[in-house]
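Visitor: Before anything else, here's the structure in question.
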Ligand code: TYM
């Protein structure tokens, strides 16, 4: 059976971008593939969380994974930091990852811009740790959003380089995956760019209805179309993109028609959008709350997950050590 690996950093709650870019695929894939879904808590150290925040965030994302419908009886759900084998593979891959290619990565350049006072080596080698996460289970498919395309390209490159260097056909080259064929980018509410935890433009699955209404009503738009079938500005297009994932096709078509006839009132569009987001997120939010309170259950999920993940990871590490030339006397 084909193997799937994916993860989400534990640096804040899940937003609609995480859900529609990644999690929605996890839910479908868990039935047809051997899936490993983890929480990237090592990766979250690149932004220096406090010990208290680190634990709370991990617990929150784990509760959200489960509330969304990831089934730990079918998929392996675990914490990255519970699988120390991944750090060994990370170290080994680092020897064949070059500073030049790492500094050229778009996500690294973005982080340098976002946190100029904390450009740590963990940020630079972020794609190497990500490659280790994926290839340690010999995955072939990685459900992620469009922003991760380049990191996946790096993963393939590191896998290929290992195979070439040691003249083996050991690691498969995994590819980014989305059921809808194209990788997705959910935009933010600020008129440009993608929805993101660090951008302050996100709608979270656990946002209360009044918060969602407030955020959506404040979303950037424009002064309205002045001629029929006018091309949409970026901010308006973004609202329609969000509407396409949470609302019914009839609703989307209704507002598109109004736009094309220059009869649209953005206030009405936003009101409808907010209500549709609330309808979508409410059952998840309620479930998160319930699961978060059940510490015994959460601890059982991560214990079982860690066991399964380590079984697969330690096999790879044994074989990799041998390929590289570490041998017992
Ligand atoms: P993170 O936490 O930044 O994002 C988690 C997932 O959500 C997707 N995503 C989006 N998709 C569409 N539109 C958006 N606006 C949007 N924002 C986020 C991301 O593409 C991602 O799929 N580096 C990974 C975490 C990771 C990982 C891995 C993923 C670490 N190791 C191994 C897969 C395999 C990340 O950026 O997480």
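What follows is calculated from the coordinates using simple rules that are stated; it is not laboratory data. The structure presented is a predicted model; accordingly, all values stated were derived computationally and were not measured. Cβ atoms come from the backbone with ideal geometry, glycine included; neighbour counts cover every protein chain shown.
Visitor: I'd like the FRET efficiency for residue 254 and residue 227, computed as 1/(1 + (r/R0)^6) with the beta carbon distance as r and R0 of 22 Å, rounded to 0.05. Before the final figure, lay out each step's value.
Guide: Numbers: r = 20 Å, r/R0 = 0.92.
Efficiency, from the Cβ-Cβ distance: 0.65.
Visitor: Percent of Cα-Cα pairs more than 28 Å apart in segment 169-306, please. Let's see the in-between values first.
Guide: On the way: 3182 of 9453 pairs.
When all Cα pairs of segment 169-306 are counted, 34 percent exceed 28 Å.
Visitor: Treating the Cα atoms of segment 209-289 as identical point scatterers in vacuum, please give the log10 of the normalised Debye intensity I(q)/I(0) at q = 0.10, 0.16, 0.19 Å⁻¹, two decimals.
Guide: The Debye formula, applied to the Cα set alone, gives -0.25, -0.59, -0.80.
Visitor: Could you give the length gained by full extension between residue 271 and residue 321, i.e. 0.36 nm per residue of separation minus their alpha carbon distance, to one decimal place?
Guide: Values: separation 50, 0.36 × 50 = 18.00 nm, distance 5.78 nm.
Fully extending the segment from residue 271 to residue 321 adds 12.2 nm.
Visitor: Whole Å is fine, so just give me how far the alpha carbon centre of segment 282-301 lies from that of segment 210-237.
Guide: Each part reduced to its Cα centre gives a spacing of 35 Å.
Visitor: Same structure again: Among 62, 152, which comes first, then next, by fewest other beta-carbon atoms within 10 Å? Numbers along the way, then the final one.
Guide: Numbers: 62 26, 152 21.
The order, fewest Cβ neighbours first, is 152, 62.
Visitor: While we're looking at this one, here's another question. Report the full-extension gain for the segment residue 117 to residue 157: residue separation times 0.36 nm, less the Cα-Cα distance, to one decimal in nm. Write out the running numbers ahead of the final one.
Guide: On the way: separation 40, 0.36 × 40 = 14.40 nm, distance 2.96 nm.
Between residue 117 and residue 157, full extension yields an extra 11.4 nm.
Visitor: Quick one: what do you get for segment 1-125 if you divide its Cα Rg by 2.2 N^0.38 Å?
Guide: Working: Rg = 15.6 Å, N = 125, 2.2 N^0.38 = 13.8 Å.
Expressed relative to 2.2 N^0.38 Å, the Cα Rg reads 1.13.
Visitor: In whole angstrom, note down how far apart the Cα centers of segment 20-84 and segment 126-193 are.
Guide: Cα centroid to Cα centroid, the span is 17 Å.
Visitor: Over the chain, what is the relative contact order in whole percent, taking alpha-carbon pairs under 8 Å and six or more residues apart? Mind dumping the intermediate values first?
Guide: Details: 476 pairs, mean separation 76.1, N = 329.
Contact order relative to length: 23 percent.
Visitor: Once you have the Kirkwood Rh of segment 230-329 from its Cα pairs, apply Stokes-Einstein at 25 °C and 0.890 mPa s and quote D in µm²/s. Show your work: numbers first, answer last.
Guide: Working: Rh = 18.4 Å.
So the translational diffusion coefficient is about 133 µm²/s.
Visitor: Mind sorting 231, 244 by how few other Cβ atoms lie within 10 Å of their own Cβ, fewest first?
Guide: Details: 231 8, 244 14.
Fewest-to-most ranking of 231, 244: 231, 244.
Visitor: Taking the chain as the reference, fit the longest principal axis to its C-alpha atoms, fit the long axis of helix 85-94 to the helix C-alpha atoms, and give the angle between the two in degrees, 0 to 90, nearest 10.
Guide: Roughly 90 degrees, rounded to the nearest 10.
Visitor: In addition: Consider just the alpha-carbon atoms of segment 54-144 and return their Rg together with their Dmax, both in angstrom.
Guide: 15.3, 42
Visitor: Quick check: residue separation of residue 263 and residue 96 times 0.36 nm, minus the Cα distance between them. What number comes out in nm? Each step should come with its number before you reach the end.
Guide: Values: separation 167, 0.36 × 167 = 60.12 nm, distance 5.84 nm.
Roughly 54.3 nm would be gained on extension.
Visitor: Can you give the Rg/Rh ratio of the chain, where Rg is from the C-alpha atoms and Rh is the Kirkwood radius? Don't skip to the answer; put the middle values down first.
Guide: On the way: Rg = 21.3 Å, Rh = 21.2 Å.
That ratio equals 1.00.
Visitor: Helix 234-246 sits at what angle to the longest principal axis of the chain, using alpha carbons and giving 0 to 90 degrees rounded to 10?
Guide: Orientation of helix 234-246: about 70 degrees from the principal axis.
Visitor: For the Cα atoms of the chain, what angle does the longest principal axis make with the long axis of helix 249-260, in degrees from 0 to 90, nearest 10?
Guide: With rounding to tens, the tilt is 60 degrees.
Visitor: Another question about this same structure. Relative contact order for segment 209-289: what is it in percent, counting Cα pairs under 8 Å that are at least 6 residues apart?
Guide: Value for segment 209-289: 44 percent.
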